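Worksheet for the structure shown next.
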Amino acid sequence: MKRGLWVHLLLLGAMILLLDACATVSGGHIPPSAFDFHDFVSEQGPEPGGWKIAQVNILLSRVSRSRPLQAWCDVEVGVPVINSRRTISNVVAQRRASAAADAAAQMVLRGAETVSALACQQFRNEMLRLLVESINGATVTKFVRQGIEPKSFPED
C-alpha cells in the first residue's frame, strides 16, 4: 500500500476512536400531533374564556458514556381558548407547544443532568418559558388534571 493511504486510514481510525470515546447523541422532533388538546373549561359565558389541555408522556433520551439519560416526562400543557390577544386554535397551540418542546428538549439534553426527575423538571420549566413567549397565559406542569387520555411520544 502507498504511504499516503496508510496515513489516511490511520487518521480515520483515530477519529473514529475519539468520536466513540466522547460521543453524545441526542436528536429528534416532537411533532405537533403529539399534543392532542381537549377542551377542559368551556368557553361558554358572557366573557371570553375557556381552557384546553394536552397531556403527553415524552421520552428524553441521551446516548452518552459519561452522561446517559433516559427519562419519561409527563407534561401537561394548558392554553386559554381566548387570551388577551386572540383566539388560540388547536393547530396554533399544537405548533407552538411542539416548537417549545423541541427547544426545551435540546437544552436539557445538551446539559449535564442525568437524574430523570430533575431533567423532567428542567424540561417543563424551559418549555413553559418558551411557550409563554408565544401564547400568553400558557401553563406547563406535570400531569395534574384527571380524565384526559395522555399520548406518548414516541408512541408505544
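The values are calculated or read from the model by the stated rules, or taken from the named source; none is laboratory data. Note that the structure is predicted; figures quoted are calculated from it, not measured. Glycine also receives a Cβ, built like all others from the backbone with ideal geometry; neighbour counts cover every protein chain displayed. Side chains are part of the model used for accessible areas, which takes the heavy atoms of the whole protein and leaves out ligands, DNA and RNA. Shrake-Rupley method; radii C 1.70, N 1.55, O 1.52, S 1.80 Å.
Just one of the listed residues (Ile135, Ile148) is surrounded by fewer than 20 Cβ atoms within 10 Å (Cβ to Cβ) and over 16 Å from the mean Cα position of the chain (by Cα), namely Ile148.
Filter the stretch 85-140 down to residues that are assigned to a helix (DSSP H, G or I) and over 20 Å from His38 (Cα atoms), then give me how many there are.
Quick first cut of the stretch 85-140, residues assigned to a helix (DSSP H, G or I) only: 90-110, 116-134.
Next, only the ones that are over 20 Å from His38 (Cα atoms) stay: 102-110, 116-123, 125-126, 129-130, 133.
Total satisfying the criteria: 22.
Glu126 fulfils the conditions (1) in contact with a strand residue (DSSP E or B) (Cβ under 8 Å, 6 or more places away or on another chain); (2) modelled with pLDDT of 95 or more; (3) of a type in the set (D, E, K, R) except for a single criterion, (1). Taking the stretch 82-106, which residues are open to solvent by 70 Å² or more (accessible area, probe 1.4 Å) and of a type in the set (A, V, I, L, M)? The answer is Val91, and nothing else. Total residues in the stretch 107-118 satisfying the condition of being of a type in the set (Ser, Thr, Tyr) and open to solvent by less than 30 Å² (accessible area, probe 1.4 Å): the figure is 0.
From the list Gln70, Gln44, Gln121, the one residue that fits, being open to solvent by 70 Å² or more (accessible area, probe 1.4 Å), farther than 18 Å from His29 by Cα and modelled with pLDDT under 95, is Gln44.
In the stretch 76-99 there is at least one residue matching the filter, namely being in contact with a His (Cβ under 9 Å, 6 or more places away or on another chain), touching a residue at least 60 places away in the same chain (Cβ under 8 Å) and under 17 Å from Ile30 (Cα atoms).
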